[in-house]
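These notes concern the structure reproduced below.
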Amino acid sequence: MRVKYLYFVLAAAILLLAVAGAVMFTVPHTHVDVNSPQLRIAIVVVTAFLMITMARYLVLLWLGYLQHVEAKTRVEPEERFEPLVTILVPAYNEEAVIQGAIRSLLELDYPAYDVLVIDDGSTDQTYAKAAELEGYYGRATVRVVSKSNGGKARALNTGIGLARTPFVLCMDGDSKLSVGALRYAMQHFRDPNVGAVAGNVKVVNRRNLWTRLQALEYIEGLNMARRAQGFVHAVNIVPGPIGVFRRDALSRAGGYDTDTYAEDADLTLKLLTAGWHIVYEDQAIAYTEAPETLFDLLKQRYRWTRGIMQALRKHSSALFNPRTRFAMWVSLQSMLFEAIAWPLMNVFGNLFFSFAALAAGAPVYVLYWWLLLTWLDVAAALHTVAMEEEDLRLVPLAILYRFFFVVTVDVAKLFATAEEFLNVKMGWGKLERAGRI
Amino acid sequence: MDINMLLSTVVLVSFIVTIVLAVGSYLAFKGREARRPEPELKRRGGEPVFFERIYLQPKKAQAASSPA
């Protein structure tokens, strides 16, 4: 049943891509007045934009599909690879969710592991609530430590220092892991070159339009890119809600640095620089609460964008030198493209083309343009939703995703990028949690 | 009105309105962040973050029990 479902959706995705391609090559031959210089320039710019867009989607979808096939056909040795692991749970003012997070960790399908909660100087009852669950639970041990407030990176460094196991799993205090997350992720460490495994992050609170759109974004945007990067063992951001690391690799990299607001991206780049392979495991799932309001979403994206810009700036020497480490260079280029070029193209490309088409008296081009981009998003949504065997009802949201969500997020990204270049002061921006996990 | 023209107008107007709303939302977000009170730690004059006190709780022996 699942295979038929997959074939159907993949066929639909290919069909949609074909239609998108047909529209793309039809547009320049449509009978409108192309004497206008604005329209001619617009056609050139837009054709270039569409080429880049198609190439981006095709590369990501193709590499992602290869990773998917590789993962599904991989034959695991009979003997499991199950060394001791410490799960690090940094928590700052997470009283609403911390007990649920710890309880879910005690149900993991793994023979022996420690859970270490690091209370980062919370001003609420986080420490007390976590300490209630401290103790031995057969396969798992729960420990809770408290330190003065210093941010997530410092909290994780404290945990890495206290861990006595060869592997650590870093997660967020407001996340929940799937039962098999640890077991699936650990199998990659049979390869001694693998320094970290990035897990699959899913939105758990699909309660309103914003969170459902983010659920689609995580599948179609973030995971699609991560899956593609995983095929070449060069994932460029091991996500905060779930990342498993070889402790030795972390120690040699100096742990998390505190000079960026994207400590996960920064650490990943340090590991890539050191030559470690970083892979993706889609069965290692972390469920996370997505921002439920527009303001919280903007706050999160503002921090992500500025953090990524800071990490890029920090590793800029490798950005323009492909000979240092090719995987690292590709990762940096990809981050730069997604952080700056892609939002710029989305917002200004749309604006430029719309006004050029209007000025030339050919608004029908705008319709073709929008149709093409929407087809592409629907095709990508079908493809990625099918690969993750996710909820098909998310696919129609791709229309709203293209129309409203991407534009709103990209505008915020552009402002955040500009503020980063201007060195505008910023804070961490702690999100309010509803405690839905 | 031609259907293509109608749809094009809908797309164009929606797009421009979305951009305007996105910019407005961002400015509103920045305004709200600017009005937010400073964290208590900062107001106290900034406790040095490099001084990290770690409190290790004594372990309670609980034989293979599961949490309530």
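Every number here is computed from the coordinates shown, using simple stated rules; none is lab data. All values derive from a computational prediction rather than experimental measurement. Glycine also receives a Cβ, built like all others from the backbone with ideal geometry; neighbour counts cover every protein chain displayed.
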Q. So what's the net charge close to B:GLY24: Lys and Arg +1, Asp and Glu -1, counting the other residues with Cβ under 14 Å from its Cβ?
A. +2
Q: Name the residues whose placed amide hydrogens come within less than 5 Å of the amide hydrogen of A:VAL85, ignoring near sequence neighbours (fewer than 5 apart) on the same chain.
A: A:ASP114
Q | Helix-derived mean residue ellipticity, 222 nm - over chain A, DSSP H n ≥ 4, -39500 (n - 2.57), to 500 | A | -16000 deg cm²/dmol
Q.
Suppose we keep just the alpha-carbon trace of the range A:104-213; what are its Rg and Dmax in angstrom?
A. 15.4, 43
Q. Would you list A:THR123, A:THR258 from fewest to most Cβ contacts within 10 Å?
A. A:THR123, A:THR258
Q) Which FRET efficiency value, to the nearest 0.05, is calculated for B:ARG36 and A:ASP248 with the Förster distance at 41 angstrom and r the Cβ-Cβ distance? A) 0.50
Q: Could you work out the mean count of beta carbons from other protein chains within 10 Å of each residue's beta carbon in B:28-34?
A: 4
Q.
Net charge around A:TYR113, counting only other residues with Cβ within less than 10 Å of its Cβ (Lys, Arg = +1; Asp, Glu = -1)?
A. -1
Q | Global geometry of the range A:85-309, whether rounded, prolate or oblate, following the gyration tensor of its Cα atoms and the 1.5 cut on a/c | A | rounded
Q: Quick one: compute a quarter of the convex hull surface over the Cα atoms of chain A and quote it in nm².
A: 21.7
Q. What net charge do the residues around A:LEU394 carry, taking every other residue with its C-beta under 13 Å from that of A:LEU394, with Lys and Arg at +1 and Asp and Glu at -1?
A. -3
Q: Treat the count of other C-beta atoms within 10 Å as a stand-in for reagent exposure and order A:GLU70, A:GLU388, A:GLU419 from fewest to most.
A: A:GLU70, A:GLU419, A:GLU388
Q | Folded to 0 to 90 degrees: helix A:2-26 orientation relative to chain A principal axis, Cα | A | 40
Q. What average number of partner chain Cβ atoms lie no more than 10 Å from the Cβ of the residues making up A:205-218?
A. 0
Q) Between the helical axis of A:350-359 and the dominant principal axis of chain A, each derived from Cα atoms, what acute angle in degrees is found, rounded to the nearest 10? A) 10
**Q.** Karplus (6.51, -1.76, 1.60) ³J(HN,Hα), θ = phi - 60°, over the range A:342-348, in Hz, Gly and Pro reported as x
**A.** 5, x, 4, 5, 4, 7, 6
Q. Most exposed first by the Cβ proxy, i.e. fewest other Cβ within 10 Å, how do A:TRP276, A:TRP329 rank?
A. A:TRP329, A:TRP276
Q: Cross-chain or 8 or more residues apart, Cα under 17 Å: how many lysine pairs in chain A fit that? Count them up, please.
A: 11
(Q) What is the angle, in °, between the Cα long axis of helix A:326-336 and the longest principal axis of the Cα atoms in chain A? Nearest 10 is fine, range 0 to 90. (A) 70
